[in-house]
Amino acid sequence: MRFKIITNIFIGGTIGALPILAGFVSRGFAAPASFLLDTPESRLTISGSVNGAPLQQQGPGSLSTTYSGNFLIDLSPKTVQFIAGGVADANTSGSWDPLPNATAGTSPADYGAQANFGILGTARFAVRNLIADGFSDSIPLSSGLTFDASLATVSLVNGEVAYRSILASGTSTLIGTGSGVASGNLGTLTIARSVPAATATATIQIPIAATVIDDIDPIGTATINFVGSFRGTVTSIVGDTNFDKSVNLDDFTALASSFGNDGSWLAGDFTGDGTVNLDDFTGLAANFGQTAPAERSSVPEPAAAAIILALAGLQHRRPRKGAPVG
Ligand SMILES: [Ca+2]
Ligand SMILES: [Ca+2]
């Protein structure tokens, strides 16, 4: 199948990259796309109970926080697969009780909760250093680029709970897997091309509703529901079907298997006309072996901003051509 398509392309055009491609036949370089979390749009709110007593907020916003970092997804024309190894780091939402060593006092924490045990008083919980990730098998991707997010699993790969009550004080790790990502809610992938087509940005929206059970001995069993959504983006160049920042044989294979058919960017339609044809192949061939730049933060770093300002100042001071020199 693959060889037949290569032959067709060879007849269709004079592409200098083809001998290089032929040299890589059957070698794969699959790597996941690293989606950079859009922090304001990546937020999870917790609810639940400890030993039957509902979790309440310690203060405004203490049960909700944003996440920064990345997560890894293998993209193919018809599937998505969450790959373990991403770092979705919960940001601190405020200063909450208790301190990390479980004594009274407040210090920055990702989440701050409390539960009322009646005659036994109120227990306070502060969650810190929480890092979430996700994994899944291969999940079908519709032609509209939606997928069933409930087929992925949320995992907490790091986190500690400090707790303080009349009964007991201490710390407990909060590590484990959630029961699933929002069932009934579709995840979506959208791909926006630059004009003219040179780069594309993939944005993934993932609804999350995962429940984690944690034994906080001796206070009891905590049932914590994480509900919200993550949004992440990754930008790459023409030819990179799977957004792993590299234009290689994986991309060629994806394009070749869709050649002549309708398809998305993931199938090799880089021009955006809805079909995978020779124009798309030409774009891939031109970038074959190229690597896309690493993800850039939307906010200039202080050092870079200072350099830009310094350059602007130099440019301003430079005498204009032909201007009289004092
Ligand atoms: Ca690629
Ligand atoms: Ca096309």
Pairs returned, first residue in region 156-169 that is surrounded by fewer than 21 Cβ atoms within 10 Å (Cβ to Cβ), second residue that is among the charged types (D, E, K, R), beta-carbon separation under 7 angstrom, 6 or more apart or interchain, are Val157/Asp133; Glu160/Arg128
From the list Pro40, Pro32, exactly one residue is more than 16 Å from ligand 2 (Cβ to nearest atom), at pLDDT 95 or above and over 30 Å from Gly260 (Cβ atoms). Which is it?
Pro40
Are there any pairs with C-beta distances below 6 angstrom linking a residue in region 118-144 that is closer than 16 Å to Gly85 by Cα and in a loop (DSSP other than H, G, I, E, B) to a residue that is of a type in the set (Val, Ile, Thr) and modelled with pLDDT under 95, with the two at least 6 apart or on different chains, and if so which?
none
Starting from region 183-205, keep only residues that are at positive phi, then list their pairs with residues that are modelled with pLDDT of 90 or more and part of a strand (DSSP E or B) whose Cβ atoms are within a distance under 9 Å, requiring at least 6 positions of separation or different chains.
Gly184/Asp148; Gly184/Pro207
All positions within region 82-113 that are of a type in the set (A, V, I, L, M, F, W, C) and either at pLDDT below 95 or at negative phi (or both):
Phe82, Ile83, Ala84, Val87, Ala88, Ala90, Trp96, Leu99, Ala104, Ala109, Ala113
Among (1) among the charged types (D, E, K, R); (2) surrounded by fewer than 22 Cβ atoms within 10 Å (Cβ to Cβ); (3) within 18 Å of the chain's Cα centre (by Cα); (4) assigned to a loop (DSSP other than H, G, I, E, B) - the single one Asp273 does not satisfy
(3)
Candidate set: region 122-141, residues that are among the polar types (S, T, N, Q) and either under 15 Å from the mean Cα position of the chain (by Cα) or within 23 Å of Ser34 (Cβ to Cβ) (or both); chosen: the one surrounded by the fewest Cβ atoms within 10 Å (Cβ to Cβ):
Ser138
Quick count over region 34-48, residues being closer than 26 Å to Asp214 by Cα, surrounded by 18 or more Cβ atoms within 10 Å (Cβ to Cβ) and of a type in the set (S, T, N, Q), is 1
Can Asp250 be described as of a type in the set (Asp, Glu) and either in contact with an Asp or Glu (Cβ under 7 Å, 6 or more places away or on another chain) or away from ligand 2 (no atom under 16 Å from the Cβ) (or both)?
yes
Quick one: count up the residues across region 227-275 that are more than 15 Å from ligand 1 (Cβ to nearest atom) and farther than 25 Å from Leu186 by Cβ.
5
Any residue at all in region 285-292 that is at pLDDT 95 or above, within 12 Å of ligand 2 (Cβ to nearest atom) and not in a loop (DSSP other than H, G, I, E, B)?
no
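The values are calculated or read from the model by the stated rules, or taken from the named source; none is laboratory data. These numbers were taken from a predicted model, which means no experiment stands behind them. When we count neighbours, we look across all protein chains shown, and the Cβ atoms used for this are built from the backbone with ideal geometry, even at glycine.
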